[in-house]
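Visitor: Sharing a structure with you now.
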Amino acid sequence: VKSVVCTAIGKPVELQISTDPTPGPGDVLVQVTACGLNYVDALMCAGGYQIKPELPFTPGSELAGTVAAIGEDVDDLKSGDRVLTRGGFVSVVARPRSSIYPIPNTLTEGQAATLWQSYSTMLYAYTRADLSEGETVLVLGASGGIGKAAIDLAHSRGARVIAAASSDDRLQTCGEVFGRINYDVEDVKVRARELTEGKGVNVVVDPVGGDRADAALRSLDYLGRYLVVGFAAGSIPRLPINQILLRNRNVLGIDWGAWSGSHSDEQEANLRTLLNMAERGSIAPPEPRTYAFEEAQTALDDLMNRRVIGKAVLKP
């Protein structure tokens, strides 16, 4: 098995070779074809994430591939079946059958490998926000992995989307949306209100933080919901809490990782919902950018430096 391993914080990751695992009773051996890359993986390897794994560790959290072998007591899968599961940057992994999910024919393995974290985060976020048909969502960092999942899932709920990003080129990758805001040259609050006939937006999705947050908060309508998803800009904003009080707005923290760890049954139901939606064509994750395992450090650097549009995967 090939593994991408972080042996020292802030140092390039290493490619290591070890013996392939053997599936035990109730296990499934998966030949991995795509490992989903997320911003948190790059942060963790750089030492910038709040969770500090013990060294050495294998980053990553989502992968897709084909069944290579099955253990005793597994009778509903066979070799060659395409599946999705949890796991780090490895070429082969043995996982319990309970954590293996068949991939619908509507998804490539690359698309499936990017589904778990970004789409689960946004399904959880929109459930918390009670996003409804006809509402308007402002998505910051709209060209990123979370941003594109936010757009796709908002559309699936019948909501209108205003995509916001740092360049016109990035905005052009966001597909058909109700409106676009280049926040490097436009005022988010002013433009969002123009697009909504002065009302403001119902929901803000913010995986960016930094100096974009204040104007985004002020763009909310009465009873608007501000979803704090992350801080890709590198700084944590200070929000004026009077703006929350004045129009009865809500600010919701979206720590999907912590929630899913303590609500595993609900997260499993959410993932099955997402796979069913993909099978029906209600959502369509964009095809990711692909890096070879040997390019893992380049991929992590590209994530940290905002050179990845949408999602990316590592291919063993």
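Visitor: Over the chain, what is the mean sequence separation of C-alpha contacts under 8 Å (at least six apart), divided by residue count, expressed as relative contact order in percent? Show your work: numbers first, answer last.
Guide: Numbers: 702 pairs, mean separation 58.8, N = 316.
Worked out over the chain, it gives 19 percent.
Visitor: I need the calculated FRET efficiency for the pair T298 and I17, taking r as the beta carbon distance and R₀ as 22 Å, to the nearest 0.05.
Guide: 0.65
Visitor: Taking the chain as a Gaussian network, Cα atoms linked when under 10 Å apart, which of A150, A113, A125 shows the biggest mean-square fluctuation?
Guide: A125
Visitor: Around E133, with a cut-off of 12 angstrom between Cβ atoms, what is the net charge of the other residues, counting Lys and Arg +1 and Asp and Glu -1? Write out the running numbers ahead of the final one.
Guide: Details: positive: R157, R160; negative: D130, E135.
Result for the local shell: 0.
Visitor: Only four residue types carry charge here, +1 at the Cβ of Lys and Arg and -1 at the Cβ of Asp and Glu. Report the dipole size of the range 203-308 about the Cα centre in Debye, rounded to the nearest 20.
Guide: About 600 debye.
Visitor: For the chain, set up a Gaussian network in which alpha carbons nearer than 10 Å are linked by springs, and say which option among R280, R218, R97 fluctuates the most.
Guide: R280
Visitor: Quick check: net charge around Y119, other residues with Cβ under 11 Å of its Cβ, Lys/Arg +1 and Asp/Glu -1?
Guide: 0
Visitor: Still on this structure, please answer the following. Net charge near P21, counting Lys/Arg +1 and Asp/Glu -1 over other residues with Cβ under 11 Å of its Cβ?
Guide: That sum, taken over residues with Cβ under 11 Å, equals -1.
Visitor: Continuing with this model, one more query. With the chain treated as a Gaussian network of Cα nodes joined by springs under 10 Å, which of S219, S120, S156 yields the largest mean-square fluctuation?
Guide: Result for the chain, Cα springs under 10 Å: S156 fluctuates most.
Visitor: Given points 7 Å out from each Cα along the Cα-Cβ axis, report the D76 to H263 separation in nanometres with one decimal.
Guide: It works out to 2.4 nm between the two label points.
Every read-out reported here was derived from the displayed coordinates using simple, explicitly stated rules and does not represent laboratory data. What you see is a predicted model; the values in this text were computed from it and never measured. So basically every Cβ, Gly included, is an ideal-geometry build from the backbone, and we count neighbours across all protein chains shown.
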